[in-house]
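Read the structure below first, then the notes.
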Amino acid sequence: MSTMHSILEDMAPEAREALLAHARQVTFPAGARIFKERRRAENFWIVERGTVELHTHVPGRKDVVIDTLGYGELLGWSWMFRPCTWHLGATAAHDVIALEFDAAAVRKLCQEDSLIGRSVSTAVASVIADRLDSTRTRLLDLFAPHGSGTPLAHAR
């Protein structure tokens, strides 16, 4: 599981409050597919309870779990970038309670207020950097010779 703290902690208080004004609580039972790879990204979530597995399709094999998310973590960043389609899939590993956000409303909020937009973008960029490192490590663990999957953050 990733060691990230809540994305909300990375935001300026005004941005956090503005973002939370667009949130609603949702639940996903264990085993529920939250979104599929290559489908339209219309929402995103912040996990409040439970765990979510991020996975990718590997032709000829079952989906490969790339990362597991838990409390405070952002589920979904594909909504920020055109064409706004999911790069991975997500399934609830355990019962999940999360804050759900409408991506179009948040993109509009970020466009209307540059300070909020910068705060949200910076927080999401940090998540993306962490996920890329985690994904790289996981893929090397799965498909490269042993010992290749050392996280970049640990190699520095």
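The values are calculated or read from the model by the stated rules, or taken from the named source; none is laboratory data. Source: prediction; values computed, not measured. All Cβ positions, glycine included, derive from the backbone under ideal geometry; neighbour counts span all protein chains shown. These area figures cover heavy atoms from the full protein model, side chains too; ligands, DNA and RNA do not enter into them. Shrake-Rupley method; radii C 1.70, N 1.55, O 1.52, S 1.80 Å.
Quick one: what pairs do we get from region 111-133, first residue crowded, with 18+ Cβ neighbours inside 10 Å, second among the hydroxyl-bearing types (Ser, Thr, Tyr), C-beta under 7 Å, 6+ apart or different chains?
Listed by first residue and then by second, the contacts come to ASP130/SER2.
Search region 69-89 for residues that are of a type in the set (Phe, Trp, Tyr) and pair each with any residue that is open to solvent by 50 Å² or more (accessible area, probe 1.4 Å) when their beta-carbon atoms are under 6 Å apart and the residues are at least 6 apart or on different chains.
Filtered contacts from region 69-89: TRP86/ARG39.
Among (1) of a type in the set (D, E, K, R); (2) closer than 23 Å to PRO13 by Cβ; (3) out of contact with any helix residue (DSSP H, G or I) (no Cβ under 9 Å at 6 or more places or on another chain), there is one condition ASP95 misses while meeting the rest; what is its number?
Just one mismatch for ASP95, condition (2).
For region 1-81, which strands (runs of 3 or more DSSP E) that fit wholly inside it have 2 or more residues that are under 15 Å from THR135 (Cα atoms)?
So the answer is 52-56, 64-69.
Can you find a residue in region 94-103 that is at pLDDT 90 or above, assigned to a helix (DSSP H, G or I), open to solvent by 30 Å² or more (accessible area, probe 1.4 Å) and of a type in the set (Gly, Ala, Ser)?
no
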